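The values are calculated or read from the model by the stated rules, or taken from the named source; none is laboratory data. This one's a predicted model, so the numbers in the text were calculated from it and none came from an experiment. Positions of Cβ are generated from backbone atoms using ideal geometry, with glycine treated the same way; all protein chains shown enter the neighbour counts. Only protein heavy atoms, including side chains, enter the accessible area calculation; ligands, DNA and RNA are left aside. Shrake-Rupley method; radii C 1.70, N 1.55, O 1.52, S 1.80 Å.
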Amino acid sequence: MVVAESRAAARDALDLIDVDYEALDAVVDPEKATQKGAPELHKEVPGNVAFTWKVAGGDAAKAFAEAPVTVEQRIVQNRLLPTAMEPRAACASYNPGTGQLTCWVTSQNPHIHRFLLSVMTKLPEHRIRVIAPEVGGGFGSKIPGYPDEALVSFASMELGRPVKWTEDRSENYKVTIHGRDHVEYVALCGTKDGKITGLRTKVYAGLGGYASTAAPGIPTILHGLMYSGPYTIPNIEGTIYGVYTTTTPVDAYRGAGRPEATFLLERMIDLYARKIGLDPVEVRRMNLIPKDKFPYTVATGITYDSGNYQGALDKALQMFDYKKFRAEQAKARKDGRYLGVGVTTYCEICGLGPSQVAGAVGFGGGLYDSAIVRVYPTGVVRAYIGAKPHGQGEETTFAQILADEFGIPVESVEVVAGDTEATPQGWGTYGSRTTAVCGSAVKVAAQRVKDKAKKIAAHLLEANEADLEWKDGKFAVKGSPDKGKTFGELALMANVAWNMPPGVEPGLEATAFFDPSNFVYPFGTHICTVEVDVETGEVTILRYIAVDDCGPQINPMIVDGQVHGGVIQGLGEALQEMAVYDEDGQLLTGTMMDYAIPKASQMPKVETAHTVTPSPVNPLGVKGVGETGTIASVPTLVNAVCDALAPLGISHIDKPLTPARVWAAIQQARGGAK
Ligand code: MCN
């Protein structure tokens, strides 16, 4: 590390340092890393297996032994580079006079960063202030603690002046966490008429060279527990190996574990449907958990909160004439054109989550969230929240929650996030938890404020609290709406405290810490149609339909925006994104010239629609929507391409479905060169 007064001087100084590296043998593939003779990264981790985690429910061995039909597939979940709009940055300023360290960090969870910095610098936690301003997006890559933030802090403590560091894009691709990277062996069994009876997996989940902050939870809790998807699969068995490889650490990237689970399940269902000669949509419908069975406990042991999976499927099929497309497809095939359709019915686990579960599974922190709602004398409101939105828009939606609750304009509310000095302890924005958990804290704090305002209104109106009703932005005695007290009037009276009810403290402010009783489980159906050019391997997306259910929507435009972004991100994974290492562990896709994120010109219009099934586990009834698009779109696209190429006998191609890979698969199927 070099500290200098300008970037240029730092770069020049760096050239003066000569490091003799002794190159060690590398292994970059998580499956190969476990094989005999593979170089071992850490001597205390034999075979590079950091952990083996198992999930089991029912009796998978019996189900497979008895099943008339089994399908098997090796699936590779390509390693991805999170590519947030801006790379990371950190600036630390230590004041030797007060012993206070202020650190500006591109963080999705400033309170976690404060804790980690306290552990690393040994400064007491209350002497550290972490500020996460607008961070340029994150997609999960700004959750972990990284060495850079600690290094600028140490440098500032040493020098007694502010020190900053800014990552460039190539550094970002090399050292900021990566996503996915599984090699999976999957088997699914069932009856000849479409009833799925068992699922079995063996997964090599790449962890990179070291375990990153949240890494072990991703292929396990957020992946293995979701093997039943929206279906009633009675027998499930999964073995997951967390494996060290000579690569950048893998951690939570949008969807984190659920895209991999949804992909393997939805891929297997298509293979199964093809093998038994049934329509893949009918096989899905036949196995969906019925809507009157919620809360529903799946074989992996978790309990889904609420759902109407058939409703979302029906809605998607109202938007898309499936029969008509099949007829067009048959006609096109006669003309030598290859059209395909992919349908995914999914559900996912988010709204993380009860803190008790976090503790039980070994996650080193809580999973509640918090809000302070402060009402000013003029009736304007600020909410200080524990979570840290970084592109999702809670500054708007949480203001809407409060404006609705208090009957005031949304412009009168401001939401403050990202400064540990101002905000209560929170656990961050990831796992589509912010609305279900932190939004619920906002709602509970708002209700506390309103309860107090009601007491003051009753006192001022010389009425019984029980006789008051809240209508048109006022508390008034039932039947006498003209004599009511508006929220603004009550805010003033509470803050000047000239005439408070006996025993009621001045001020109008409340704090809430909300810890949910369960996760939330959003769901939906996505449909995609494609045309594949069999001469070039080029995939053209014809239509994309996304029907999602995230419970009641606070802001439908933001919800649609999240679905659009998520779907496009998933299509990037399905079509062209892949981090590639050479055998020596050098990243070959280290710039945006080499790593292919999706471009607007390639992407379809995403047609969105929604069903609304409230969750019983939070006071807003909401479920998360920040990751649904990323989770559902990957199998939808890959299934569509495999459907298009079915006449050639192609049943599976590993993503990303680049023209080169699709073309090679077509050549192989036609008996040509590989
Ligand atoms: N919302 C709503 N009604 C609902 C549910 C959600 O109006 N029933 C709104 C929310 O209030 C919020 C947005 O939709 O404005 C997403 O909320 P939520 O589903 O609670 O998800 P989070 O805010 O927790 O976002 C996390 C999720 C994740 S895990 C990643 S990664 C991700 C994502 O969101 N990274 C993003 N979306 C992103 N969007 C942008 N622009 N940038 C990122 O880095």
query: Quick one: what does P(r) look like for segment 316-389 with 5 Å bins over all Cα pairs, in whole %?
result: 3, 10, 11, 9, 8, 7, 7, 8, 9, 9, 9, 6, 3, 1, 0
message: If R₀ is 45 angstrom, what is the calculated FRET efficiency for the pair GLN73 and LEU14, using the beta carbon separation as r and rounding to 0.05?
response: 0.45
query: Per the Kirkwood definition applied to all pairs of different Cα atoms, how many angstroms is the hydrodynamic radius of segment 1-96?
result: 20.3 Å
- prompt: For the residue pair VAL580 and LEU24, what label-to-label distance in nm results when each label sits 7 Å from Cα along the Cα-to-beta-carbon direction?
  reply: 2.7 nm
- request: Could you tally the net charge around GLU167, taking each other residue with its Cβ under 15 Å from the Cβ of GLU167, Lys/Arg +1 and Asp/Glu -1?
  value: +2
field: 0 to 90° range, to nearest 10: angle between helix 628-644 axis and the chain longest Cα axis
entry: 20 degrees
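Assuming R0 = 25 Å, what is the FRET efficiency of GLN318 and LEU278, from their Cβ-Cβ distance, to the nearest 0.05? Display every interim value, and only then the final one.
Details: r = 22 Å, r/R0 = 0.88.
Computed FRET efficiency for GLN318 and LEU278 comes out at 0.70.
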- line: With LYS54 itself left out, Lys, Arg at +1 and Asp, Glu at -1 over residues whose Cβ is under 12 Å from its Cβ give +1
- prompt: What does the highest-first list of 236-244, 205-213 look like by mean Cβ count within 10 Å?
  reply: 236-244, 205-213
- prompt: On the first, second and third principal axes, largest extent first, how far apart are the outermost C-alpha atoms of segment 198-270 in Å?
  reply: 36, 22, 20
- prompt: Ranked highest first by average number of other Cβ atoms within 10 Å, how do 633-640, 91-98 line up?
  reply: 633-640, 91-98
- prompt: For the chain, what is the mean residue ellipticity at 222 nm derived from helices alone (per DSSP H run of n ≥ 4: -39500 (n - 2.57); sum divided by total residues; nearest 500 deg cm²/dmol)?
  reply: -9000 deg cm²/dmol
- prompt: the chain: percent of C-alpha pairs farther apart than 49 Å?
  reply: 19 percent
message: Test of understanding: what is the full-extension gain from VAL416 to ARG337, defined as 0.36 nm times their sequence separation minus their Cα-Cα distance?
response: 23.0 nm
message: Take ASP654 and ASP59, extend 7 Å from each Cα along the Cα→Cβ direction, and tell me the distance between the two endpoints in nm.
response: 3.6 nm
message: Just the number please: accessible area per residue for segment 498-615, 1.4 Å probe, all protein chains included, in Å².
response: 43 Å²
- prompt: Within segment 13-46, which trypsin sites (Lys or Arg not before Pro) sit in a loop by DSSP and count at most 12 neighbouring Cβ atoms inside 10 Å?
  reply: LYS36, LYS43
statement: Of the accessible area of segment 491-624, computed with a 1.4 Å probe and all protein chains kept, carbon and sulfur make up a percent value of 57 percent
field: Contact order normalised by residue count of segment 526-621, Cα under 8 Å, 6+ apart, percent
entry: 36 percent
At most 10 other Cβ within 10 Å, DSSP loop - GluC sites (Glu not before Pro), segment 349-442: none
Hydrodynamic radius (Kirkwood) for segment 178-221, which is based on Cα pairs only, to one decimal in Å: 12.6 Å
query: Of the peptides 478-488, 571-581, how do they stack up when ordered by the mean number of other Cβ atoms within 10 Å, highest first?
result: 571-581, 478-488
query: By how many nm would the segment from VAL45 to VAL612 lengthen if fully extended, with 0.36 nm per residue of separation less the alpha-carbon distance?
result: 199.4 nm
- request: Could you give log10 I(q)/I(0) at q = 0.25 Å⁻¹ for segment 126-190, computed by the Debye formula over C-alpha point scatterers of equal weight, without solvent?
  value: -1.31
query: Which percent of Cα-Cα pairs in segment 614-674 sits in each 5 Å bin, short to long?
result: 4, 17, 19, 17, 9, 8, 7, 7, 6, 5, 2, 1, 0
- line: Helix 258-276 sits off the longest principal axis of the Cα atoms of the chain, rounded to the nearest 10 on a 0 to 90 degree scale, by 40 degrees
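Taking only C-alpha pairs under 8 Å that are 6+ residues apart, what is the relative contact order of the chain in percent?
16 percent
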- request: Can you work out the PRE-style zone for GLU465? Point 7 Å along Cα to Cβ, and I want the residues of segment 493-528 with backbone N under 13 Å.
  value: 501-505
task: Compute the long axis of helix 659-669 from its Cα atoms, compare it with the longest principal axis of the Cα atoms of the chain, and write down the angle in degrees, 0 to 90, nearest 10.
output: 30 degrees
task: Principal axes first, then extents: for the Cα atoms of segment 479-544, list largest minus smallest coordinate on each axis, whole Å, largest first.
output: 82, 33, 25
- prompt: Taking a probe of 1.4 angstrom, what is the accessible area of MET319 in Å², to the nearest 10?
  reply: 60 Å²
message: Between GLU5 and ALA669, what's the calculated FRET efficiency when r is the beta-carbon distance and R0 is 51 Å? Round to 0.05.
response: 0.25
field: Hydrodynamic radius (Kirkwood) for segment 449-571, which is based on Cα pairs only, to one decimal in Å
entry: 19.5 Å
Exposure rank, largest accessible area first [HIS652, HIS223; 1.4 Å]: HIS652, HIS223
